[in-house]
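Chemist: I'd like to ask you about the structure that follows.
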Amino acid sequence: MLGVIHSIQTKQLELHNYVHTMNIYPNELVIFVCMLRDQAKLIHQLGSIQIDLTFKRVKGNINEFEINSYNTEHKLILSYARVYTNVTTAEGYQQLFTELFNVIKNLTGQAVKFRHIDGNGIGCIIGDLDPAQAKGLGLFLQSKDTHKDWETHLQYILNHVLSILNAPSIGELEKIFYTLEQLEESKIKEWIRYYRQPYVLASLNLNASKIDPEIWASSANNTNVAEAAHALANREGKHLKLLTAII
């Protein structure tokens, strides 16, 4: 981290145009927000974003948090911002989202808008959000609109996506897709087309699946087993050479 800070302060490698916050807090929370001005401008044009946290890309306890969106014209997932952080708590994620969107505002002179708050802007956030991430996002949104609590904010921007898992019938699933379609965002419609595919939907909801209900009920509904396997493998170390990892 000291090398990055030195490069920014001495304006080496043009990193000062890319790394905009380098905050290390007394509680050891680290948040480095990285994006180009042109990337920040494009975020204002998005109706939906995808959030992804990548583990172990950086040595140590720093992870990479990305803001992405699917570009239908080029058929690519494009990255608009990266945040390097060791955040693990809801309060930490609230700070992360606050700093991220403050950087966008500072670079473009315009605050990012959210449809359920401002009437236009980002209407849907897609991502594998764990409880801390979700609450942190909700707390950030609550700071922008205190008339709703953080859980209510999430219902406006996340609930319809997550509720696919728990919809009690095919009819309810169709209602969810219909509600999302009313946002009239091309990227969200691309998302709907993907998740409406029978095999994809069947992997998410029992009512769309041909798996025996008893088998479905007895199967794990989370990835704890896989996560445990990762944890066991990681006891041998991280960022190993491929050959060492295979052995």
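The values are calculated or read from the model by the stated rules, or taken from the named source; none is laboratory data. Treat the numbers as computed from the prediction; the structure is a model and nothing was measured. Cβ coordinates were reconstructed from backbone atoms using ideal geometry, including for glycine residues, and neighbour counts include every protein chain displayed.
Chemist: Tell me the residue from Val161, Val103 that is modelled with pLDDT of 90 or more and not acidic (Asp, Glu), please.
Modeler: Checking each option against the conditions leaves just Val103.
Chemist: Is at least one residue of the range 213-235 modelled with pLDDT of 70 or more, touching a helix residue (DSSP H, G or I) at 6+ places or on another chain (Cβ under 7 Å) and more than 30 Å from His74 (Cα to Cα)?
Modeler: yes
Chemist: Another one. Go through (1) modelled with pLDDT of 90 or more; (2) among the charged types (D, E, K, R); (3) in contact with a helix residue (DSSP H, G or I) (Cβ under 7 Å, 6 or more places away or on another chain) and name the single condition Lys113 misses.
Modeler: It is condition (3) that Lys113 fails.
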